[in-house]
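The values are calculated or read from the model by the stated rules, or taken from the named source; none is laboratory data. Keep in mind that what you see is a predicted model, and the values were worked out from it rather than measured. Every residue, glycine as well, gets a Cβ built from its backbone with ideal geometry; the counts of neighbours run over all protein chains shown. Only protein heavy atoms, including side chains, enter the accessible area calculation; ligands, DNA and RNA are left aside. Shrake-Rupley method; radii C 1.70, N 1.55, O 1.52, S 1.80 Å.
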Amino acid sequence: MKHQSRWPARVMVSALLALGGTAWAEEEEEYSRPSERRGKNRDDSYQIEQRQRWFIESRGLDRVPNANAERARAARELKDQVSARAMMLGPGEVWQSIGPSSMQMGSWVMGRVSGRTNVIVPHPTDENTVYFGGAAGGVWKTTDAGASWTPLFDSVGTLPIGSIFVEPSAPSNVWVGTGDKNGGGCAGYFGQGVFLSQDGGSTWAAKNGSGTTNMPLSIVNAVAVQPTNTNVVLAGGSGTCSSTGSLSGAGMFRSTDRGATWTRVLSVNVEDIVFVPGSATVYAAAPGSGVYKSTDGGATWSIAISGMTVSGSRMRLAMSPSNSNVLYVLMGGNVYRTLDGAATWTLRSSTACEGQCTYNQAISVHPTNTNAILVGTIRPSMSTDGGATYTFLTTGWGSSQKVHQDIHVVLFSRTNGNRFWIGGDGGLWRTDDNGANFTNMNSNLNVTQFYDIAVHPSNSDIVFGGAQDNSSLSRSNSIVWNLTQVTGDGFMNALDPANPNIVFQTSYPSGGYPKILRSTSGGGAGTFSYLPSTGLTSSSNFPWVTPLAVGNGYLFVASDVVYRGVTSASPFTWTAVSGNVGRVSVITPMQQGAMLPTYVGTAAGRVYFSADAASASPTFTDVTGNYPGGNVSDVAMTPGNPQRVFITRSGFGASRLYRSTTGGTTWTAVGAGLPNVPANSVAIDPLDTQRVFVGTDVGVYESTDGGDNFIAFSLGLPLGLVVMDLEVDDSPHFLHAGTYGRGAWKVALAGGSTPGGNTFSYTAANTTSATVNTAKKVIALTAGQTLTLGTCGVTGASFSGDTYLRLFNPGGTEVISNDDACGGQGSNFTYTVPAGAGGNYELRAGCFSSGSCSGTAAWTVQ
């Protein structure tokens, strides 16, 4: 979503962020308000519900008969396009991840956080090897207890993970059930069934059958393989998104040929499947129905709920490793236990859930003590008396909390009763001393779900973002991001192009008003404070993701009315600048000289335009015209020409992109080649306005003919990634993407180099050899281009000390270097890109010998 097009006016600012501080004057104070408190009994059920509603309603998932199939088809087509384009054109422009990998939480005891954990499974004989399933970030694997992680699922086409099963007798066989079981109904529509890897996660194959013997679930909560016959596989889940906005077709499916064909054996939602070790006896937890038991490997089932009152929409099941007759059920706040293999159940507690009991539910049994269990709800807790009483393992929300709350995983080690794992909305932790201390395992996990990002106007390394349940954050020059403000969910972000020290971020609407924070000192940690609501009218129409934009020194926000304030004003006040236009979904201003043409799009499919939203009394005219309707997810004006404008439509069917060359009213459906999935963002290359980019629910697409035709532009991105936001800039010439599951990405766009206009300054110290360079810069080059680069001999270049420059191609191989130009201490070289070798080249700069050096590398491209 474009917050402010900065063409042609641009202010180059040298201010940098000072991030990562640990002095947090407001870190715990932010939730002192009753409506936002994250204290001991914090319950964000309302926020969770609103998050789910936003995801479903903004995409029209409550009106589409088969959204999952459309998205699966789009992911397959994208994979083919990316492969074909790479083969025909070579590497080209390649996306690179810029994190968060993961995020610093200032001085908080829990340490770094990543994103929502849905499932983890340790290797059966090596618990330093763990498989991790993210809510929308794919499958990851560590072999060093979380010190480092490798993504395994990036080429599959779907990234929400509901379940993982590692075969105990053959641990290279890893089964994955896809779909976000904690996303809430159709918010988990991204799943594409069951996949199997037979090489520890290196490669994957779909195991969903076909035709009448297929396994149709798009949200797979559980997968299990029979211990005595590994041809038998069970998969259970909550179904597929229907046109009513609810899930249908829930059930348990059974395969006797390792996923080649499937048969439905239950028609109820299944959340957990647990086999008795060395047996064909298996149990299933079915929310709203009860516990089912089978003694023939799942071929036939009987209900086993004697003594249990079934209620609610969640049911988690755990078996004691030391006695398979002992099982526990967590069902909302109720914990039941059986001592006789589910013949009878006894209620042990009715108060085991701290809150959000339809969202965070997890349970596990100690490996040797049948009376010791872990329960995860808002916080993790432990019982040592068979589930009757509980002790929390961490404090309430605040800087002393040991692990991030909203717990989805609690898991005891099978061999060490003092070891267990805790996973929640902030990532994964492990303890080896029964919860006294926790080791943070988030390291380089990049599973952040961004709603929106904003990029500094003159330094593309500085990016702000708002994340699902992980607040507002930013980066400067590291893939490890920093928390800027504790806000629960973080949402929209904006910088004032005229003064990028002024930064805005948003949080949950509350009490009929938006929650907007401002920093006037570059957006560093702890520098934000809430803006007053003076001048705003309380309204239920301030959206969950409140639209926010900056232009020409003004800040805009909207409910069904557009409001404006001066970005630097103190005290800050708001003024209504429109009438009732309907619930606003996006605001896009573009500075053009002294004027500020601005478009407003609404959730109901209306479009409005003001020729100058900076005037004393702006007029917003309805320019919807022949636009057929649908949620307007983004608007982009052509730099220098506000009459040529694009809007994206977040929905299925019809066109996802419309273009007007008359400032609205007359719209043309364009975008041939875009997939039939929601389009979330559109951006126009300011250096080539015929080049248009669209971010969709499966990836990024590019047009080079003004939006008429599109091809995939997702090389380097995980396949099927939900792209929420695109931000493009002319200098430096980068396209950034904010994604809902894998953080932020950027790609250096070709065509942005201008003679004498590209420089990169660096300082290095104590570099002991030429192979150790301390600063890096990405330069996008295409085949046949000639790069002339140096710390001397090029306009704008300079150096001090013995400088050394090296250039690496897109494959990471050094192609040229120099350290002895201009008297033996400067650097200078010329390089021509070979045929088929275009892409993102990396300049590495540093010192040739020990000591210190500095320089400004300058380059031209011909």
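Out of all the residues in the stretch 333-351, which are in contact with a Phe, Trp or Tyr (Cβ under 6 Å, 6 or more places away or on another chain), open to solvent by 30 Å² or more (accessible area, probe 1.4 Å) and either assigned to a loop (DSSP other than H, G, I, E, B) or not basic (Lys, Arg) (or both)?
Matches in the stretch 333-351: 347 only.
Any chance the stretch 399-410 includes a residue that's farther than 26 Å from residue 142 by Cα, open to solvent by 20 Å² or more (accessible area, probe 1.4 Å) and not aliphatic (A, V, I, L, M)?
Yes - at least one qualifying residue is present in the stretch 399-410.
With the requirement that a residue be under 17 Å from residue 495 (Cβ atoms), part of a strand (DSSP E or B) and more than 28 Å from the chain's Cα centre (by Cα), what does the stretch 536-563 give you?
554
Scan (1) part of a loop (DSSP other than H, G, I, E, B); (2) surrounded by fewer than 18 Cβ atoms within 10 Å (Cβ to Cβ) for the single condition residue 86 breaks and write down its number.
(1)
Got at least one residue in the stretch 611-624 being touching a helix residue (DSSP H, G or I) at 6+ places or on another chain (Cβ under 6 Å) and open to solvent by 10 Å² or more (accessible area, probe 1.4 Å)?
no
Among the numbered conditions (1) assigned to a loop (DSSP other than H, G, I, E, B); (2) touching a residue at least 40 places away in the same chain (Cβ under 8 Å); (3) farther than 26 Å from residue 562 by Cα, tell me where residue 654 comes up short.
Failing condition for residue 654: (2).
Just checking, how many residues over the stretch 657-666 are surrounded by 15 or more Cβ atoms within 10 Å (Cβ to Cβ) and assigned to a loop (DSSP other than H, G, I, E, B)?
Adding up the residues that qualify gives 3.
May I ask you to list the residues in the stretch 471-486 that are open to solvent by 10 Å² or more (accessible area, probe 1.4 Å) and either part of a loop (DSSP other than H, G, I, E, B) or basic (Lys, Arg) (or both)?
Listed by number, the residues that qualify are 475, 476, 477, 478, 479, 480.
Restricting to the stretch 577-592, count the residues that are under 33 Å from the mean Cα position of the chain (by Cα), among the aliphatic types (A, V, I, L, M) and either under 21 Å from residue 560 (Cβ atoms) or part of a loop (DSSP other than H, G, I, E, B) (or both).
4
Spot the failing condition for residue 159; the list is (1) closer than 14 Å to residue 722 by Cα; (2) in contact with a helix residue (DSSP H, G or I) (Cβ under 9 Å, 6 or more places away or on another chain), and only one is missed.
Of everything listed in (1) closer than 14 Å to residue 722 by Cα; (2) in contact with a helix residue (DSSP H, G or I) (Cβ under 9 Å, 6 or more places away or on another chain), residue 159 misses just condition (2).
Please enumerate the residues belonging to the stretch 242-256 that are in a loop (DSSP other than H, G, I, E, B) and of a type in the set (A, V, I, L, M).
Just the residues of the stretch 242-256 that are in a loop (DSSP other than H, G, I, E, B), to begin with: 242-246, 249-250, 256.
Within the stretch 242-256, 250 is the sole residue that qualifies.
Give me a count of the residues in the stretch 230-241 that are modelled with pLDDT of 95 or more, assigned to a strand (DSSP E or B) and open to solvent by 10 Å² or more (accessible area, probe 1.4 Å).
Adding up the residues that qualify gives 0.
What is the number of the single condition among (1) open to solvent by 10 Å² or more (accessible area, probe 1.4 Å); (2) in a loop (DSSP other than H, G, I, E, B) that residue 677 does not meet?
Tallying (1) open to solvent by 10 Å² or more (accessible area, probe 1.4 Å); (2) in a loop (DSSP other than H, G, I, E, B), residue 677 fails exactly one: (1).
Mind checking which residues of the stretch 499-535 are among the β-branched types (Val, Ile, Thr) and not in a loop (DSSP other than H, G, I, E, B)?
502, 503, 506, 516
Looking at 288, 278, 259, which is the one that is more than 39 Å from the chain's Cα centre (by Cα), in contact (Cβ under 8 Å) with a residue 24 or more places away in the chain and either assigned to a loop (DSSP other than H, G, I, E, B) or crowded, with 23+ Cβ neighbours inside 10 Å (or both)?
Selected residue: 278, the only one of 288, 278, 259 that is more than 39 Å from the chain's Cα centre (by Cα), in contact (Cβ under 8 Å) with a residue 24 or more places away in the chain and either assigned to a loop (DSSP other than H, G, I, E, B) or crowded, with 23+ Cβ neighbours inside 10 Å (or both).
Which condition number in (1) part of a strand (DSSP E or B); (2) touching a Leu at 6+ places or on another chain (Cβ under 9 Å); (3) open to solvent by 20 Å² or more (accessible area, probe 1.4 Å) is the one that residue 176 fails?
(3)
Filter the stretch 312-365 for residues that are over 18 Å from residue 221 (Cβ atoms) and of a type in the set (Gly, Ala, Ser) and give the result.
Correct list: 320, 322, 324, 333, 341, 342, 343, 349, 350, 352, 355.
Quick check: is even one residue across the stretch 340-349 of a type outside the set (S, T, N, Q) and touching a His at 6+ places or on another chain (Cβ under 7 Å)?
no
Need pairs with beta-carbon distance below 6 Å; first residue closer than 25 Å to residue 649 by Cβ and within the stretch 576-596, second among the charged types (D, E, K, R) and surrounded by 21 or more Cβ atoms within 10 Å (Cβ to Cβ); sequence gap 6+ or separate chains.
586/634; 588/2
Within the stretch 509-541, restricting attention to residues that are of a type outside the set (Val, Ile, Thr) and open to solvent by less than 10 Å² (accessible area, probe 1.4 Å), which residue is farthest from residue 578 (Cα to Cα)?
Checking each candidate, the answer is 524.
Which residue out of 191, 200, 245 is on the phi > 0 side of the Ramachandran plot, in contact with a Pro (Cβ under 9 Å, 6 or more places away or on another chain) and either in contact (Cβ under 8 Å) with a residue 24 or more places away in the chain or open to solvent by less than 40 Å² (accessible area, probe 1.4 Å) (or both)?
So the residue among 191, 200, 245 that is on the phi > 0 side of the Ramachandran plot, in contact with a Pro (Cβ under 9 Å, 6 or more places away or on another chain) and either in contact (Cβ under 8 Å) with a residue 24 or more places away in the chain or open to solvent by less than 40 Å² (accessible area, probe 1.4 Å) (or both) is 200.
Report whether or not residue 324 is exposed (fewer than 14 other Cβ atoms within 10 Å of the Cβ) and modelled with pLDDT of 95 or more.
Judged against the criteria, residue 324 is not a match.
Scanning for something at pLDDT below 95 and closer than 18 Å to residue 313 by Cα, does the stretch 274-284 turn up at least one residue?
No.
Residues are listed down the side, and each one gets a yes or a no for (1) closer than 30 Å to residue 147 by Cβ; (2) in contact with a Lys or Arg (Cβ under 9 Å, 6 or more places away or on another chain); (3) assigned to a helix (DSSP H, G or I); (4) modelled with pLDDT of 80 or more:
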site	(1), (2), (3), (4)
22	yes, no, no, no
50	no, no, yes, yes
55	no, no, yes, yes
73	no, no, yes, yes
76	no, no, yes, yes
81	no, no, yes, yes
100	yes, yes, no, yes
109	yes, yes, no, yes
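From 121, 113, which residue is over 23 Å from residue 224 (Cα atoms), crowded, with 21+ Cβ neighbours inside 10 Å and either without any contact (Cβ under 8 Å) to a residue 12 or more places away in the chain or of a type in the set (A, V, I, L, M) (or both)?
Unique residue meeting the criteria: 113.
Examine the stretch 759-774 for a residue that is part of a strand (DSSP E or B), modelled with pLDDT of 85 or more and in contact with a Gly (Cβ under 7 Å, 6 or more places away or on another chain), and state whether such a residue exists.
There is no residue in the stretch 759-774 that is part of a strand (DSSP E or B), modelled with pLDDT of 85 or more and in contact with a Gly (Cβ under 7 Å, 6 or more places away or on another chain).
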